[in-house]
1. Report yes if some residue within the stretch B:85-99 is in a helix (DSSP H, G or I), more than 30 Å from B:Leu17 (Cβ to Cβ), basic (Lys, Arg) and under 22 Å from the mean Cα position of the chain (by Cα); otherwise report no.
2. Select from the stretch B:92-107 the residues that are surrounded by 22 or more Cβ atoms within 10 Å (Cβ to Cβ) and touching a Ser or Thr at 6+ places or on another chain (Cβ under 8 Å) and list them in ascending order.
3. Only one of (1) part of a loop (DSSP other than H, G, I, E, B); (2) in contact with an Asp or Glu (Cβ under 8 Å, 6 or more places away or on another chain) fails for B:Gly33. Which number is that?
4. Only one residue in B:Ile114, B:Ile129, B:Ile156 is surrounded by 12 or more Cβ atoms within 10 Å (Cβ to Cβ), over 30 Å from B:Leu18 (Cα atoms), touching a residue at least 40 places away in the same chain (Cβ under 8 Å) and among the β-branched types (Val, Ile, Thr). Which one?
5. Does any residue of the stretch B:54-76 turn out to be surrounded by fewer than 17 Cβ atoms within 10 Å (Cβ to Cβ), of a type in the set (A, V, I, L, M, F, W, C) and without any contact (Cβ under 8 Å) to a residue 12 or more places away in the chain?
6. Is it the case, given these coordinates, that B:Glu232 is modelled with pLDDT of 80 or more and either facing chain A (nearest Cβ under 7 Å) or surrounded by 10 or more Cβ atoms within 10 Å (Cβ to Cβ) (or both)?
7. State the number of residues belonging to the stretch B:49-85 that are farther than 19 Å from B:Ala37 by Cα and not hydroxyl-bearing (Ser, Thr, Tyr).
8. Show me the helices (runs of 4 or more DSSP H) entirely contained within the stretch A:21-94 in which 2 or more residues are away from chain B (no Cβ under 11 Å) and surrounded by 14 or more Cβ atoms within 10 Å (Cβ to Cβ).
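The values are calculated or read from the model by the stated rules, or taken from the named source; none is laboratory data. Source: prediction; values computed, not measured. Backbone-built Cβ (ideal geometry, glycine too); neighbour counts: all protein chains shown.
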Amino acid sequence: MSMPKGHKSKHGYATVSSMDGGLGYREIAEKMSESGDKMNHSTARNIFLSAMKKIARDSCAAAGAPLCDENLKRISSDPRFQSGVIDILRGIDV
Amino acid sequence: MKNSLDPYFKNAGRRKLLTREQEVHLSQRIEKGDESARAHMIEANLRLAISIAKKYYYSGCNMDDLIQESNIGLMKAVEKFDWRRGFKFSTYASWWIRQSVCRYISSHRNTIKIPAHASSLSYKVKKLISEYEEEFGQRPTNSEMADILGVTENMIKDSIDSIRLQHMVQYDGTVGNDDGGRHIFETIPDENITLPDDELDKKKMSNVIATSLSRLTKREEQVMRLRFGLSEIDEKDDFSFKESDIERVRRQ
């Protein structure tokens, strides 16, 4: 039996498919490696989730939600949270 | 409050219930064309028709009409009852009565009339979807449903459309029974308007994200930009979120 790919959140896979208009982890790893920062797709995913976790921590603190690691991990890998962050960032064209 | 059907209910109970022997005797007379025997058989079983019609009280149809339909079913049962088979009349008649009432409900419940065969297929499709979702945790595709039920995909598609029609309401109808109440269209939210609460939340979140961006490492920023498609990688580019970007998020 093949191993499941990525984390299956209640609301879909957050870490397997690429975002709309964005790149998949393998492509990110390739581009980063080309620019001198050598990494593989797992590292790219871990770095991305770490960034999401930082944003999730601040968001939880602002909303008064629990800051435990389990909660932050769940929120940061939730595609709905990621899509909310992307909407805000794209909306202001940073 | 006095019900308009009360006199009818009272009259329906006048005739005594028939014994098995009486049923056979009346059926034999009906076969020979005795109209009074037919009337006797029908009148003695009116209570059965009423009790079945009452079970469909919450179907949304008028009770008078439901009783009328169940009586039509009863009359059909009287015509078709075969006493030689040895069953009690009520056992046989209840199927005809139920069929008559169900057919009436399915054809009158919706604003758009759906044929009985389509209504029956819709019921099967609905049941299949709920069983499939329970078993596999996802909705079956139209082709899967067509295979299981042995019909074409187009028929499945039509059935799903007819299921949607069952939930149709009059756009300018009133909410509840109150004539002075609001219309249904007044209760439909305008999804194009951003609520002040949502706007405030968005501003708050923008501020939070701006703070978070300033705390990301260069690597995290680069990966996030690529993942979200915010910038193309180029050796000359500086990927980092600039102070001006963060300030813009904060202002937003």
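1. Just the residues of the stretch B:85-99 that are in a helix (DSSP H, G or I), to begin with: B:85, B:89-99.
So of that shortlist, the ones also more than 30 Å from B:Leu17 (Cβ to Cβ) come out as none.
Taking every residue of the stretch B:85-99 in turn, none turns out to be in a helix (DSSP H, G or I), more than 30 Å from B:Leu17 (Cβ to Cβ), basic (Lys, Arg) and under 22 Å from the mean Cα position of the chain (by Cα).
2. B:Ile97, B:Ser100, B:Val101
3. Against the list (1) part of a loop (DSSP other than H, G, I, E, B); (2) in contact with an Asp or Glu (Cβ under 8 Å, 6 or more places away or on another chain), B:Gly33 comes up short only on (2).
4. B:Ile114
5. no
6. Numbers: modelled with pLDDT of 80 or more: no; either facing chain A (nearest Cβ under 7 Å) or surrounded by 10 or more Cβ atoms within 10 Å (Cβ to Cβ) (or both): yes.
Spelling it out, it is not the case that B:Glu232 is modelled with pLDDT of 80 or more and either facing chain A (nearest Cβ under 7 Å) or surrounded by 10 or more Cβ atoms within 10 Å (Cβ to Cβ) (or both).
7. Applying the first criterion (farther than 19 Å from B:Ala37 by Cα) to the stretch B:49-85 yields B:50-70, B:85.
Restricting the remaining residues to those that are not hydroxyl-bearing (Ser, Thr, Tyr) gives B:50, B:52-55, B:60-69, B:85.
Looking only at that region, the number is 16.
8. Working: elements: A:25-34, A:41-63, A:69-76, A:79-91.
Those helices (runs of 4 or more DSSP H) span A:69-76.
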